[in-house]
Amino acid sequence: MSSQRERDRARSDNAADLDTARAGGSVQEAAAPAITVEGLRKQFGDGADAVTAVDDISFRVEPGSVVGLLGPNGAGKTTTIKCLLGMIVPDAGSVSVAGVDVLANPRAAYRHVDAMLEGARNDYWRLTVRENLRYFATIGGVKPDDVAGRHDTLLDQLDLAAEADTAVRDLSRGMKQKVSLASVLATDADVVFLDEPTLGLDVESSLTLRRELRRIVGERGLTALVTSHDMDVIEDVCDRVIIVNDGRVVADDAVDSLLGGLDAQGIRVASPDLEGAPLRAVRDQFEVRAVRHQGNHTSVEVTTGSDGFYELVALLRAHDVTVSSVDTIESDLESAFLEVTRE
């Protein structure tokens with residue numbers, strides 16, 4: 001009960017802060033977007049050496065949703081997140097979290113957010129796993145004893161229970177990554193920013209984390225903005241994907257819609273004879289996605305459907321190509337990402 005009273009007091013403080021800062025402006029209700037970015041711009045440097053990292057980015061994230069923020073290296077993802085966290089002051093535009101203007105009322109906004117950033121030491125390595133969870137709950141304005149049950153559940157869900165009393169510095173890289181995630185989820189934050197949450201995890205641990213992350217977010221009604229270069233992670237945990245490129249939003253849609261919007265499926269054919277004239281003929285007749293050489297075999301990936309498959313087989317037969325293997329390439333988020341950023 002005491003933690004609930006603290007949350008109520010924090011929300012009252014937020015309202016007071018907003019009233020003061022906006023000089024009589026209306027306070028957004030709880031139904032306001034969890035994240036709002038409007039016309040965000042940020043340039044680093046001046047003159048000929050200037051780099052525009054973010055160029056008029058706008059988007060909204062509704063409460064309780066999990067959204068992936070994707071883009072090639074240098075696309076503006078990290079700058080956007082740091083603006084949302086108040087770590088970078090934008091040149092133009094506005095950002096708000098839970099209806100609170102991050103720039104005008106940073107302290108009020110910070111009550112709602114927590115973040116796990118790639119390349120940052122997100123935990124105190126001299127403390128044990130459990131001590132980290134209690135510490136971050138405390139600085140998040142929550143009495144750790146009030147959420148001890150939540151911490152025990154988190155430790156179980158993320159396979160950390162056996163290491164609860166181990167100093168973080170003595171854990172593997174993958175385990176440290178899970179402790180970082182647990183520390184973010186140990187607080188009462190409404191909105192969490194997760195940058196490469198599965199980095200350093202083995203396949204089994206990554207699958208466990210994806211499953212549990214989705215479950216935890218759903219159970220607690222959290223809003224999450226997730227970045228990752230692992231498209232399987234985004235496809236598994238996110239409802240929607242925002243893709244940025246060259247500092248601009250180039251796609252913003254549900255994961256299923258992005259996958260459904262792909263062109264035809266793909267076919268991969270491997271043969272020891274796919275070189276010279278046969279390969280040129282395939283390139284002339286089909287959209288070639290990739291060509292790979294391995295040993296004495298060459299594999300070619302083409303974009304085509306079932307009708308095109310028979311045309312491809314006929315073409316290869318006409319060039320006396322002996323086919324070693326044929327595979328269907330299923331549409332996935334990586335294909336959609338590459339197609340969108342290429343366009």
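Across the range 287-292, computed HN-Hα scalar couplings (Karplus, 6.51 cos²θ - 1.76 cosθ + 1.60, θ = phi - 60°) run 7, 8, 7, 7, 10, 10 Hz from first to last residue, x flagging Gly and Pro. Considering helices alone, the calculated mean residue ellipticity of the chain at 222 nm is -11500 deg cm²/dmol, with DSSP H runs of length four and up weighted by -39500 (n - 2.57) and normalised per residue.
The listed peptides 42-49, 235-242, 58-65, 293-300, ordered by packing as a protection proxy, come out as 235-242, 58-65, 293-300, 42-49 (highest mean of other Cβ atoms within 10 Å first).
Taking other C-beta atoms within 10 Å as the exposure proxy, E334, E196 rank E334, E196 from fewest upward.
Less than 5 angstrom separates the built amide H of V244 from those of L70, G71, V250, all sequence-distant by 5 or more or on a different chain. Amide H contacts of I329 (H built 1.01 Å from N, in plane; Pro and chain starts excluded): G266, I267, R268 sit under 5 Å, all sequence-distant by 5 or more or on other chains. For the pair the range 278-343 and the range 116-138, the centres of their Cα atoms are 48 angstrom apart. Take the Cα of A164, go 7 Å toward its beta carbon, and the backbone nitrogen atoms of the range 106-131 under 12 Å from that spot belong to 129-131.
Given the choices [x] 5, 24, 31, 23, 13, 4, 0; [y] 5, 21, 26, 22, 14, 8, 4, 1; [z] 6, 28, 36, 23, 7, 1, 0, P(r) over Cα pairs in 10 Å bins from 0, in percent derived from the coordinates of this structure is entry [y]. Note on the chain: lysine pairs with Cα distance below 26 Å, sequence gap of 8 or more or different chains, count 8. The local environment of V282, defined by Cβ-Cβ distances under 14 Å, has a net charge of -1 under the rule Lys, Arg +1 and Asp, Glu -1. Near I242, within a Cβ-to-Cβ distance under 12 Å, what is the net charge of the other residues, with Lys and Arg +1 and Asp and Glu -1? That works out to +1. Taking all Cα pairs closer than 8 Å and separated by 6 or more residues, the relative contact order of the chain comes to 17 percent.
All of the numbers you see were taken from the coordinates with simple rules; none came from a lab. What you see is a predicted model; the values in this text were computed from it and never measured. As a convention, Cβ positions derive from the backbone with ideal geometry for all residues, glycine included, and neighbour counts pool all protein chains shown.
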